[in-house]
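Okay, structure first, notes after.
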Amino acid sequence: MTPTSRTGLVRAIGRFDLTALVINAVIGSGIFGLPAIILGLVGAASPVAFLLAGAAIAVIALCFAEVASRFDAAGGPYLYAREAFGSFLGLQIGWITWLVRITSAAANANLFVLYLAELWGRATEPAVRMALLTVMFGLLAIINYRGVKQGARVSTVFALAKLVPLALFIVVGLWFIESENFRGRVAGGLDDWTQAMLLLVFAYGGFEAAMIPAGEVKNPQRDCPFALLVALAVIVGVYMLVQAVVVGTLPPGVETDRPLAAAANEFLGRPGGLLLAVGALVSVSGLLSGTMLNSPRLTYALAERGDFPAFFAAVHARFRTPHVSILLYAALSWVLAVAGTFQWNATLSAVARLLIYASTCAALLAFRRRAGRPAFRLPAGPFFAVVGIGFSAWLVVQMGRAEFVILGGTVALAAATWLWARRRG
C-alpha cells in the first residue's frame with residue numbers, strides 16, 4: 001500500500017519519477033525557443049553562454065539540494081524561506097514562486113502554438129490559438145485532478161519522450177556542423193551577455209518547482225538531492241550540444257522563432273524540421289504536465305499553514321489531490337497564456353525566479369547556523385550560497401520597468417495576504 005503523508009496526500013513519487021519531474025520541469029520551451037535569440041545576442045560564443053549559465057544554475061541547485069534535504073513536506077522555496085526567515089518573507093517567496101509557475105506555463109503554452117504552426121499554419125490564428133490553449137490546460141488539469149500517481153506517470157513518459165528527438169538532433173546534427181557558420185557570427189557586448197544570461201535563467205529554470213510536491217515523494221530527504229544533481233547534469237550536456245548544432249548548421253542571417261526546426265531543415269530537410277516540431281510539441285507538453293503536477297502543491301502548502309484561504313488546501317475525497325488548487329492554477333495560467341507572448345512571459349519568469357534562487361541560497365546560510373544536520377550536506381556550502389546570491393543579484397538589477405511593476409504588485413499582494421493571515425490568526 002502506498003504510504004500517506006500526515007497531510008492526507010499520497011506518497012507516490014519515487015526517485016526515478018522525481019528525476020524525470022526535474023527534467024520535465026526544465027526542458028521545455030527554453031531550449032526550443034531561445035537558441036536563435038541567444039545566438040543573436042552573443043554569436044558563436046552562445047554554446048559557452050549555455051555552459052556558463054548552466055554552471056551558475058548548478059551552484060544554485062546544489063544549495064537547493066542541501067536545503068531540500070531538510071524537509072519532507074510540500075512547499076519548496078516557500079517552505080524553505082518560511083522556516084528560515086519567518087512567515088512574512090515566506091509569503092513573499094510563496095507569491096513570487098506562484099507568479100513564476102504561472103508565467104512559465106504561459107510561456108510554454110505560447111511556444112507550443114508557435115511550433116504547432118510548423119505543422120498546421122492556422123494554429124496562430126487568434127480564435128484557433130485560444131481554443132488550443134483552452135484544450136491544453138483543460139486536459140492537463142483533468143489528468144492531475146484524478147490522481148498524483150497518474151500525473152507523475154504522464155510526466156515521466158513525457159520526460160523520456162522529449163529526450164528522443166533532442167538526442168537525434170544532436171547525434172545527426174553534429175555531423176553536419178560547418179566551421180564557417182561559427183566564424184560568421186559576431187559576439188555581443190556586456191549588455192548582450194547580461195540579457196543572454198537572464199534569458200538562460202528561464203531555460204535552466206524549473207528545477208525548483210520539482211521540489212514543491214515533496215509531501216508526495218516517497219523519500220524526499222534523500223531523493224530530492226539525487227534528482228536535482230542527476231537531472232541537471234543531463235540538462236547542461238543536452239543544452240550545450242543542441243546550441244552547438246544550431247550555431248553550426250543554421251546559416252548566418254536566418255531569422256526564425258522555431259530555431260531547432262529551422263536547423264533540422266538544413267541538414268535533414270523538411271522531414272527533419274517536422275520531426276523537431278513534433279519534438280518541441282512533446283517537450284512543451286511534458287513540461288506543462290509536470291508543472292500542472294507540482295505548482296498547485298504550492299498554494300496547497302500556503303493554505304495548509306494558514307497563509308492562504310483554507311479552500312486552497314482542500315483534498316479530493318476520492319483522488320487525494322489538491323483539486324481546487326489545480327483548477328485555479330490551470331485557469332490563471334490560461335489567462336496569461338492568452339494575454340501574453342512567449343518572450344514576455346519568459347523574461348518575467350526569469351526575473352522573478354532569481355529572487356527565489358537568492359532566498360534559498362540565503363536559507364542555506366541561515367540553516368547552517370542552527371542545530372541539526374541535513375541528509376545532504378554541500379561541501380563549502382556557504383561559499384556556494386554567496387556565489388548564488390551574487391549571481392542572482394547581478395541579473396535582478398537588469399530588470400525592466402514592466403517586470404518591476406508586476407513584481408512590485410506581487411510583493412504588495414503578499415504583504416496584504418500576510419496581514420490578512422495575522423488578523424485571522
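Any residue at all in the range 268-285 that is under 30 Å from Ile389 (Cα atoms), in contact with a Leu (Cβ under 7 Å, 6 or more places away or on another chain) and buried (at least 18 other Cβ atoms within 10 Å of the Cβ)?
yes
So in the range 187-246, with the set limited to residues that are small (Gly, Ala, Ser) and assigned to a loop (DSSP other than H, G, I, E, B), which one is surrounded by the most Cβ atoms within 10 Å (Cβ to Cβ)? Spell out the reasoning first.
To start, the set of residues in the range 187-246 that are small (Gly, Ala, Ser) comprises 187-189, 196, 203, 205-206, 209-210, 214-215, 227, 231, 233, 237, 244.
If we keep only those that are assigned to a loop (DSSP other than H, G, I, E, B) as well, we get 187-189, 205-206.
Working: Ala187: 14, Gly188: 19, Gly189: 9, Gly205: 25, Gly206: 28.
Per the criteria, the residue is Gly206.
Counting just the residues of the range 367-417 that are of a type in the set (Gly, Ala, Ser) and buried (at least 17 other Cβ atoms within 10 Å of the Cβ), which one comes out nearest to Gln92 (Cα to Cα)?
Applying the first criterion (of a type in the set (Gly, Ala, Ser)) to the range 367-417 yields 371-372, 375, 380-381, 385, 388, 390, 392-393, 400, 402, 408-409, 412, 414-416.
With buried (at least 17 other Cβ atoms within 10 Å of the Cβ) added as a condition, the list becomes 375, 381, 385, 388, 392, 414.
Working: Ala375: 27, Gly381: 24, Ala385: 20, Gly388: 19, Ser392: 17, Ala414: 5 Å.
Here the residue is Ala414.
Taking the range 181-207 as the region of interest, how many residues are more than 30 Å from Ser295 (Cα to Cα) and modelled with pLDDT under 85? Please lay out each step first, then the result.
Restricting attention to the range 181-207, the residues satisfying the condition of being more than 30 Å from Ser295 (Cα to Cα) are 181-193.
Imposing the further condition that a residue be modelled with pLDDT under 85 reduces the set to 181-190.
Looking only at that region, the number is 10.
Just checking, which of Leu293, Leu302, Leu260, Leu288 is closer than 21 Å to Tyr357 by Cβ and either buried (at least 24 other Cβ atoms within 10 Å of the Cβ) or in contact with a Ser or Thr (Cβ under 8 Å, 6 or more places away or on another chain) (or both)? Break it down into steps so the answer makes sense when it comes.
Details: Leu293 fails: closer than 21 Å to Tyr357 by Cβ; Leu260 fails: closer than 21 Å to Tyr357 by Cβ; Leu288 fails: closer than 21 Å to Tyr357 by Cβ.
Leu302 is the lone residue from the list that is closer than 21 Å to Tyr357 by Cβ and either buried (at least 24 other Cβ atoms within 10 Å of the Cβ) or in contact with a Ser or Thr (Cβ under 8 Å, 6 or more places away or on another chain) (or both).
Quick check on Trp420: is it over 30 Å from Ile13 (Cβ atoms) and crowded, with 17+ Cβ neighbours inside 10 Å? Spell out how you get there, then give the answer.
Details: over 30 Å from Ile13 (Cβ atoms): yes; crowded, with 17+ Cβ neighbours inside 10 Å: no.
Spelling it out, it is not the case that Trp420 is over 30 Å from Ile13 (Cβ atoms) and crowded, with 17+ Cβ neighbours inside 10 Å.
Might you check whether a residue that is over 30 Å from Ala363 (Cα atoms) and modelled with pLDDT of 90 or more occurs anywhere in the range 249-258?
Narrowing the range 249-258 to residues over 30 Å from Ala363 (Cα atoms): 249-258.
Cutting the leftovers down to modelled with pLDDT of 90 or more gives us 249.
The answer is yes, given that some residue of the range 249-258 is over 30 Å from Ala363 (Cα atoms) and modelled with pLDDT of 90 or more.
The values are calculated or read from the model by the stated rules, or taken from the named source; none is laboratory data. All values derive from a computational prediction rather than experimental measurement. Note: ideal-geometry Cβ built from the backbone for every residue, glycine included; neighbour counts use all protein chains shown.
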